[in-house]
Amino acid sequence: MRNIVDLLAFLLRLSRDIRFSRAIIVCIAVAGVISGFASTGMIALVTTVLTRQNEPAQLLAGLFVLLCIALPLFSFLSQMLLIDLTQKALLRFRLILARRILAAPMRHLEQVGPHRLLAALTNDISVIIDSLMVVPTLIVHMAVLVSCLVYLGLLSWVVLLQIVGFIVIGAITYQLPVLRALGHFTRARQRLDDLTRHVRALTEGAKELKMRQSRRRAFLGEIENAAREVQKQSRAGSMIFAVAGSWGQGLFFVVLGLLVFVLPRFQTIEAKTLLGFTVILFQMMVPLEMLMNALPNLGRGSVSVHNLEKLGFSLQSEAREQEAPADIRPESRWDRLELVGVTHEYRGENKDESFVLGPIDIAFTPGELVFLIGGNGSGKTTLAKLILGLYAPESGDIRFDGRVIDDTNRAVYREQFSAVFADFFVFEKLLGLDAAALDDHAREYLRQLRLEQKVSVQDGVLSTIDLSQGQRKRLALLTAYLEDSPIYLFDEWAADQDPLFREIFYLEILPELKARGKTVFVISHDDHYYHVADRILKLEHGRIEADLTASQFLETRPPVGGIRRTAG
């Protein structure tokens, strides 16, 4: 019962904004109750015919026809309305969860992990759908149970109280193993996050796994352990439900035996009452069996509801930023971007371990070409995400033309940037780009990026993204070109390019962007091209170690092979 209540409460919360949802829910309840009472009325009518020979035959026949029409009609109406409401509510929930994910701070999403988000968006929603699909039928059967009890009360409330007493005892003994089974389902759902992480590694790391047999064996051991744990917990929960279901069936026959063999020895029960109770108890057996068979799915659905709400609530609680207006456009002119006392801290799994970036005090102006350099773990990418507005400073301010960037304007601030990240993603469609002659501009850039023989574009859709890593990175650059933002950031963009295109990037693409008045940040280890930059920021251990012009930086570098390197 608790699982059904959880699912219905979840459905009610999701359907608040659906038109006429309250009226639909009332209709569902009414139709389900009418269907249940019609089913019980059918049994009561048959019992009356068998025990009362003087009832008008035409009246009973008319009632029988009426019930034959009402029973399937209201059962179908209840299921149709609930299925329609459920599908609309689940569609709304998918969109809500997607919006919360996109609205949550980047750092929080990184902490949650893509495997948890993927498991929630795929497994949990599917489980909830499967669970909710049986709810309409269960509502009808629960209405049957209630109407059966009402009818039994009309026959003899004394006998009913005695029967209900046994039922309550049976329900309590049934509920104890059910709670234990739900614990197993909860642990199975928790282990599913681990299994999803391994499946993601299987698809993304297939090349690395194929390279070495020992790695494959170790990985298969890991994924087998995770899958076995999910199977173990799911099997244990299902087995407990099966045992509880068998125990419930046994209790039902015990109650029937008490009614037929025990109670008549201690009190007088009329034959028609005894027959009515016996027939109705058998009528109750079908909905009880349906309920017990559905409980495992309902249990999994309840666990998924709690998991999704927990994830959704955490994302919602972290989603502090205001949305940017739909018609937002990057500012064509700006004067100054400043970081004033900005710090950001990474906390590792060990609470005693952390990495602190900053405090950073620095300013940038339009048209600068800035290289961010430093060793691995020096803080380059973290600084870049702070500049882009993907991370919020833990202390200090980011100021854009004198305006402090905070939760009220950070989304608007990010519109000033285009970026190609080291772990970039390429969309098949040129999303969010609706400029005139978009296809023509895209084809022009495809030629400049030497991709016109590999990729075509039609109505903003790329013909393929199934390319090499370096070529897909050029497609990511294509999108950045078309966005035509005032500020660009490239994180190790040239790392996957051949020597020829690496040279094109540093000696043609970057100078061209600078000539167009763009400010460009480049995270790079290509020291052969440092002379292209206007400024070089060197980070070490989260601090800016040097902020120099390219010529100044190259002058200060130690000689290599006895020859000092100079700009140009």
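The values are calculated or read from the model by the stated rules, or taken from the named source; none is laboratory data. These figures come from a predicted structure and were not determined experimentally. Neighbour counts are summed over all protein chains in view; Cβ atoms, including those assigned to glycine, are modelled from backbone coordinates with ideal geometry. We work out accessible area using only protein heavy atoms, side chains counted, and drop any ligands, DNA or RNA first. Shrake-Rupley method; radii C 1.70, N 1.55, O 1.52, S 1.80 Å.
Look at the stretch 499-524: where a residue is under 19 Å from residue 334 (Cα atoms) and a partner is acidic (Asp, Glu) and open to solvent by 40 Å² or more (accessible area, probe 1.4 Å), sitting 6+ places away or on another chain with Cβ atoms under 8 Å, you get 514/534.
Across the stretch 178-187, the qualifying residues are those that are among the aliphatic types (A, V, I, L, M) and open to solvent by less than 50 Å² (accessible area, probe 1.4 Å), and the one among them that is nearest to residue 236 (Cα to Cα) is 181.
Could we say that residue 411 is part of a loop (DSSP other than H, G, I, E, B) and either in contact with a Cys (Cβ under 6 Å, 6 or more places away or on another chain) or more than 13 Å from residue 457 (Cα to Cα) (or both) here? Answer is no for this residue.
Restricting attention to the stretch 188-223 and to residues that are surrounded by 11 or more Cβ atoms within 10 Å (Cβ to Cβ) and among the β-branched types (Val, Ile, Thr), the residue that is nearest to residue 121 (Cα to Cα) turns out to be 196.
Right, residue 383: among the hydrophobic types (A, V, I, L, M, F, W, C), farther than 21 Å from residue 517 by Cβ and either in contact (Cβ under 8 Å) with a residue 60 or more places away in the chain or surrounded by 15 or more Cβ atoms within 10 Å (Cβ to Cβ) (or both) or not? Judged against the criteria, residue 383 is a match. Contact map, the stretch 88-115: first residue farther than 21 Å from residue 386 by Cβ, second residue basic (Lys, Arg), Cβ cut-off under 8 Å, separation 6 or more or different chains; pairs are 113/197; 114/200; 115/197; 115/200. Taking first residues from the stretch 543-556 that are in a helix (DSSP H, G or I) and partners that are at pLDDT below 90 and surrounded by 15 or more Cβ atoms within 10 Å (Cβ to Cβ), the Cβ contacts under 8 Å between residues at least 6 apart in sequence or on separate chains come to 554/565.
Can you say whether residue 245 is out of contact with any Ser or Thr (no Cβ under 9 Å at 6 or more places or on another chain), crowded, with 17+ Cβ neighbours inside 10 Å, closer than 26 Å to residue 285 by Cα and of a type outside the set (Val, Ile, Thr), as far as the supplied structure shows?
So residue 245 fits the description; yes.
Starting from the stretch 472-488, take each residue that is under 15 Å from residue 450 (Cα atoms) and list its partners that are of a type in the set (D, E, K, R) and open to solvent by 10 Å² or more (accessible area, probe 1.4 Å), counting only C-beta distances under 8 angstrom and pairs at least six apart or across chains. Hits for this filter: 473/496; 474/450. Taking each residue of the stretch 226-248 that is among the hydrophobic types (A, V, I, L, M, F, W, C) and looking for partners that are open to solvent by 50 Å² or more (accessible area, probe 1.4 Å) with beta-carbon atoms closer than 6 Å, six or more apart or interchain, yields 226/194; 230/191; 240/180. A residue that is surrounded by fewer than 12 Cβ atoms within 10 Å (Cβ to Cβ) and within 27 Å of residue 529 (Cβ to Cβ) can be found somewhere in the stretch 469-492. Take residue 107 and tell me if it is farther than 26 Å from residue 72 by Cα, at pLDDT 80 or above and not polar (S, T, N, Q). For residue 107, the condition - farther than 26 Å from residue 72 by Cα, at pLDDT 80 or above and not polar (S, T, N, Q) - is met.
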